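First up is the structure itself, then whatever we jot down about it.
The values are calculated or read from the model by the stated rules, or taken from the named source; none is laboratory data. Owing to the predicted nature of the structure, the values given are computational and were not obtained by experimental measurement. Neighbour counts are summed over all protein chains in view; Cβ atoms, including those assigned to glycine, are modelled from backbone coordinates with ideal geometry. Areas reflect the complete protein model, heavy atoms only, side chains present, ligands, DNA and RNA absent. Shrake-Rupley method; radii C 1.70, N 1.55, O 1.52, S 1.80 Å.
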Amino acid sequence: MQEARTGFSSKIGFIAAAAGSAVGLGNIWKFPFEVGESGGAAFVIIYLIFCFTLCFPLMVAEIAIGRKTQRNPVGAFTVLGHGKWSFIGKMGLFSCILILSFYNVVAGWCFGYLVEILLGNFSIGEQFPLFVKDIIKVGGYSVIFMATTAYIVSKGISKGVEKAAKLLMPILFFIIILLAAYAMTLPGAAEAVEFYLLPDFSKITGKVVYNALGHAFFSLSLGMGAMITYGSYVSKEDNIISSAVAITLLDVGIAFLAGLMLFPIVISQGLDTHGGAGLVFMSLPRVFGDMGTVLGTVVGTLFFLLLSFAALTSTVSILEIPVSYLVDERAMKRPKAVWLVAGGIFLLGIPSLLSNGYSSFFTQFVTYFGASGPTDFMTLISDVASNSFLPLGGFLIALFVAFIWRKEKLFKEISNGEKGHPNRFISKFLGFSITYLCPWILGAVFILNVLDKFFGVTIY
Ligand code: TRP
C-alpha cells in the first residue's frame, strides 16, 4: 500500500469540504422545486427517510473505503477487491464527468445572475429564455466558473479545497440564515410554512419516490466516489461516524433552510409554488426588483452569491475525483491533470449549454415513455445521472462492502478513529442498512425507474 498521503489538515477542514461538496445547487436550486412539484412536505419526509436510512450508512462506507485505501475510487476498489471490482470506480468516474458537464452550465447561470443583479438588472428573470440561449455570454460565465474550480483544485487538498471550503462555507451559512430570517417576516410566511411542512401523502407516487431517492444521493454527493476521494485524505485519527453525521445534518439542514427562504418569498408575491426549474431563475429576480432598488440589490446579490459559493465547493469536489485518479493511477502531475480534465469536461458540457433553446436538436432531445413532451439534453443527463447512475453506484458500493470487503473490515476501519469499537447500536444499524436495506431498496428502485422511464412499464 501507498504511504498515507497528505490531506486535510483537520477534522473541521474535512467536514467543511465534504459538506461543501454536499451543499450545492442540489440543495438551493433543485430541492425547493422538487418539493414544489411533488406536493410539499410528503416529498420532504420521504427524502429525509432516505437520507438517514440509506445515504448516511453509505456515506460512512464511502469515507471508510477511501481512508482505508488512500486512493481514488478506481484504485480503491482495485486494492480492496482485485482488479475486476475497479469497474465500480470507473462507473463513478463516468458519472462524475457527466454530472460536472451540466452542473457547470447551471453554475455559470448562477454566476451570470450574480453579475446582472449586482448591475441592477432585475428584468433578467423575464430575459431568462434569452439569457440561456446567449451561448457566448453563458459559455463565458461557465468558462470562468470552471477555471475558478480548476484553480482551487490545482492548489491541492489542504491549500486549495480545504482552504476554499473553510472560507466559503461559513459565509454561505450566514447568508442563508439571514435570508431565511428575512423571508419569515414576509406576509406569506405562515402559508408557505404550512405548504412546506404539512404532508399530503396522496401526492406520493412511484415517481415521487424515485425522485426523492435520486435527489438524496445527488444532494449528499453519494454513489460515484466523491466521498471515497475525500475520505482518502482524512486522517486515521478522525472519527468517521461523527463526521458523516455532521455532513448529513449540514446538508439536510441547508436544504431545509433553502425551502424556508424560498417559499415565503414566492408565496408572498402570489407566485405558483409549482414554478419548476424557473422558480429561482425566472420568478426570484422580479421579486428582488419589487423590493426596491437598494434592498433588492442587496438581497438578490446575497442570494446569487450564496448559490455561486454553494456550487463552487461542489464543482471542486467533483473535479477532484478524476484528478485524483490521474494523479494516483497515471502518475500525472496535479496541475496538468486538473487543466486537462477541466477543459475536457467543459467541452463535454457544450451540448448541455446548447440544449436550453440555442439548438433545437439538443433542446428537444428525447421523449420519455409517458411524458407529455420532449426533454432537453441537459435534463436527460441530469435525470439519468442522479436517478439512475447514483443509486446504481450506491447499490454496487453496498454490495461490495457487504459481500466482498465485509462489514467487519468496515467496522475496523471506522474504529481506527475511535477509542475501541464503534458504538454497538450504530454498528448494528450500519451493518443492517449496508447488507439488507441498501441492496434491496436501491436495486429495486433502480430497476423500476429504468423500466418506467425507458420501457414505459410502470409498476407501483
Ligand atoms: N451534492 C451537490 C449538490 O447538491 C452536487 C455534487 C457534488 C454531487 N459532488 C457530487 C452529486 C458527487 C453527486 C456526486 O449540488
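Details
- Backbone HN-Hα couplings from phi across region 390-403 [Karplus 6.51/-1.76/1.60, Hz, Gly and Pro as x]: 5, x, 5, x, x, 4, 5, 5, 4, 4, 4, 5, 5, 10
- With N as its number of residues, the chain has a Cα radius of gyration that, divided by 2.2 N^0.38 Å, comes to 0.93.
- A run of the chain free of exposed loop cleavage sites, with trypsin sites (Lys or Arg not before Pro) counted only in DSSP states other than H, G, I, E and B and at most 15 other beta carbons within 10 Å, reaches its longest extent at 6-235.
- Cα shape, region 120-262, gyration tensor, a/c 1.5 rule: oblate
- Annotation: lysines with alpha-carbon distance below 18 angstrom to residue 336 (same-chain offsets under eight excluded): 155, 159.
- Surface share of carbon and sulfur [accessible, 1.4 angstrom probe, percent] for region 11-455: 69
- Solvent-accessible surface of region 11-455, averaged per residue with a 1.4 angstrom probe and all protein chains in place: 37 square angstrom.
- Taken about its Cα centre, region 11-455 carries a charge dipole of roughly 1720 debye when the Cβ of each Lys and Arg holds +1 and the Cβ of each Asp and Glu holds -1.
- Reachable lysines from residue 453, criterion Cα separation under 22 angstrom, eight or more residues apart if same chain: 30, 203, 207
- Taking the inverse of the mean reciprocal distance over all distinct Cα pairs, the Kirkwood hydrodynamic radius of region 212-253 comes to 11.2 Å.
- Zone of residue 5's modelled label, taken as backbone nitrogen in region 215-234 under 16 Å from a point 7 Å along Cα→Cβ: 225-234
- Shape category assigned to region 248-314 from the gyration tensor of Cα positions, a/c cut at 1.5: oblate
- Accessible heavy-atom area order of 367, 248, 297, 148, highest first, probe of 1.4 Å: 367, 148, 297, 248
- Cα shape, region 95-193, gyration tensor, a/c 1.5 rule: oblate
- Between the amide H of residue 366 and those of 375, distances stay under 5 Å, these residues lying 5 or more places away or on another chain, with hydrogens modeled in the peptide plane.
- Longest site-free stretch - the chain; sites: GluC sites (Glu not before Pro), DSSP loop, at most 13 other Cβ within 10 Å: 238-460
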